[in-house]
Amino acid sequence: MSQAPDRMRVRVDHPAHHPHSEQSIDGVALLTLDRPEALNALDYQTMTELVEALERLDADGSCRCVVVTGAGEKAFAAGADIKQMAAATPVSLTVANDFARWERIRRIRVPIIAAVRGFALGGGCELAMACDMIIAADDAVFGQPEIRLGIIPGAGGTQRLTRAMGKARAMELILTGRNLPAREAEAHGLVTRVVAREQVVSEALGLAAEVAARPPLAVRAAKEAVNRAFELSLEAGLEFERRNFYLLFASADQKEGMAAFVAKRPPEWKGR
Ligand code: DAK
């Protein structure tokens, strides 16, 4: 059944405390793909809301880390919306320029953690891989089933899965469309860690709170540098790392971090 078009499909929360502890989670935002009746399939509206929410949070200096998860029992996201995509033509895809939204996710500077329960298939798997880390439930299932629909992954699957797991494994998954259970995904380096289903969001929020407590300029530089490892030659990547390393010595937070270490006190970050 389709929903009323005016219903928001991405929920934005700013939890004040970690759900299972007193830990403050200042600076952490939780985005929930909220279309459980369609297994959070990423239709145009959902993708637009997701990208706009991420860009708003990225522009807001008080947000230091974002967690993205899926509502309901069954899925993080079961892919792009097949019903919406079925009638597409090369021309309609070119006009819609859907790839631009995915490109905008790639440009988000604040770290993003995917908290994956249940299915992360097709575009859902690609969205999780576009995030910086993945916390997976033991019932999580990853996969690129596009081949079974007569297409191939379109939002980075052939590239990111291959970089994460190597050619031999990515080929098998993409050419067969086989689902990959969480433990196998963990063994092959696709996910940061696997936890019990009930703990996925709290684990991701806890990790996000740790990242949010680190000096934000250094965090952003580190995210950017790690991502360059996938795009640059080793020489260019090392050069990029070194330049950013030098640059951070112009920040108040570098002075503070090192002074606090020497004085044996906790640092107070300024984000400058
Ligand atoms: N799209 C639309 N509706 C979906 C959906 C999807 N991907 N996945 C599930 N649903 C809907 C089902 O149609 C059903 O709706 P009703 O029939 O009740 O109205 C409801 O969610 C519950 O699903 P099922 O009844 O199928 O639930 P089951 O537990 O039996 O099966 C399943 C769960 C995950 C195995 C199954 O739903 C399934 O196979 N889903 C499709 C998975 C899939 O093939 N995903 C890849 C889609 S292709 C691009 C960016 C991205 C992409 C392409 C281009 N550009 C930037 C241009 C990505 C492409 C894809 O992701």
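Where a number appears in this text, it was derived from the coordinates with a stated rule and is not lab data. Because the structure is a prediction, the values reported are computed rather than measured. Cβ: placed from backbone, ideal geometry, glycine included. Neighbour counts: every protein chain shown.
List every residue pair whose Cβ atoms sit under 9 Å apart, with the two residues 6 or more apart in sequence or on different chains, where the first one lies in segment 25-46 and is among the aromatic types (Phe, Trp, Tyr) and the second, anywhere, is near the ligand (Cβ under 9 Å from one of its atoms). Matching pairs, first to second residue: Tyr44/Asp81; Tyr44/Gln84; Tyr44/Ala96; Tyr44/Asp98; Tyr44/Arg101. Looking across segment 66-91, the residues that are in contact with a Lys or Arg (Cβ under 9 Å, 6 or more places away or on another chain) and within 19 Å of Pro15 (Cα to Cα) come down to Thr69, Gly70, Ala71, Gly72. Within segment 61-108, the set of residues being in contact with a strand residue (DSSP E or B) (Cβ under 8 Å, 6 or more places away or on another chain), under 18 Å from Arg35 (Cβ atoms) and of a type outside the set (A, V, I, L, M, F, W, C) comprises Thr69, Gly70, Lys74, Gly79, Asp81. Does Thr162 meet the test of being of a type outside the set (Lys, Arg), in contact with a helix residue (DSSP H, G or I) (Cβ under 9 Å, 6 or more places away or on another chain), more than 8 Å from the ligand (Cβ to nearest atom) and farther than 24 Å from Gly206 by Cβ? Spelling it out, Thr162 is indeed of a type outside the set (Lys, Arg), in contact with a helix residue (DSSP H, G or I) (Cβ under 9 Å, 6 or more places away or on another chain), more than 8 Å from the ligand (Cβ to nearest atom) and farther than 24 Å from Gly206 by Cβ. Residues that are over 15 Å from the mean Cα position of the chain (by Cα) and surrounded by 15 or more Cβ atoms within 10 Å (Cβ to Cβ) number at least 1 in the following helices (runs of 4 or more DSSP H) confined to segment 60-177: 82-85, 157-165, 167-176. Scanning segment 136-159 for residues that are of a type in the set (A, V, I, L, M) and more than 10 Å from the ligand (Cβ to nearest atom) yields Ala136, Ala137, Ala140. The selection criterion, being in contact with a Leu (Cβ under 9 Å, 6 or more places away or on another chain), assigned to a helix (DSSP H, G or I) and under 13 Å from Ala136 (Cα atoms), holds for Ala204.
State whether one or more residues within segment 180-191 are closer than 15 Å to Thr69 by Cα and more than 16 Å from the ligand (Cβ to nearest atom). Looking for residues that are closer than 15 Å to Thr69 by Cα and more than 16 Å from the ligand (Cβ to nearest atom), one finds at least one in segment 180-191, hence yes. One residue stands out among those in segment 221-263 that are surrounded by fewer than 11 Cβ atoms within 10 Å (Cβ to Cβ) and acidic (Asp, Glu): the one that is nearest to Val211 (Cα to Cα), which is Glu231.
So that you can scan it fast, the table gives a plain yes or no per residue for (1) over 29 Å from Ile135 (Cα atoms); (2) out of contact with any strand residue (DSSP E or B) (no Cβ under 9 Å at 6 or more places or on another chain):
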position: Val211; (1), (2): no, no
position: Val219; (1), (2): no, no
position: Arg228; (1), (2): no, yes
position: Ser233; (1), (2): no, yes
position: Leu238; (1), (2): no, yes
position: Arg242; (1), (2): yes, yes
position: Ala250; (1), (2): yes, yes
position: Arg265; (1), (2): yes, yes
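Going through (1) within 16 Å of the ligand (Cβ to nearest atom); (2) within 28 Å of Ala208 (Cβ to Cβ) one by one, Met133 falls short only on (1).
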